[in-house]
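A quick write-up on the structure given underneath.
The values are calculated or read from the model by the stated rules, or taken from the named source; none is laboratory data. Computed from a predicted model, the values in this text were never measured in an experiment. Because the Cβ atoms are built from the backbone with ideal geometry, glycine has one as well, and the counts that use them run over all protein chains shown.
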Amino acid sequence: TNLCLRACMTCCDRCKCVPPGTYGNREMCGKCYTDMRTHRNKHKCP
């Protein structure tokens, strides 16, 4: 859960947005949220 929380906080901080619901709905926060990737090219934001 620590990793998830860290990822959420990074996305929230950089994009100034938290999508509704518990998972998915990335597109609600726009390109900042959907385009952020990890080093392994996976979605950073849950």
Of all residues being touching a helix residue (DSSP H, G or I) at 6+ places or on another chain (Cβ under 8 Å) and at pLDDT 90 or above in the stretch 34-43, which is surrounded by the most Cβ atoms within 10 Å (Cβ to Cβ)? Just the residue, please. M36
Reported set for the stretch 35-46 where residues are assigned to a loop (DSSP other than H, G, I, E, B) and more than 15 Å from M9 (Cβ to Cβ) is H39, R40, N41, K42
Looking at the stretch 20-34, I want the residues that are within 13 Å of C8 (Cα to Cα) and have a partner that is among the polar types (S, T, N, Q) and surrounded by 10 or more Cβ atoms within 10 Å (Cβ to Cβ) with Cβ atoms under 7 Å, at least 6 apart or on another chain. Which pairs are those? R26/T34
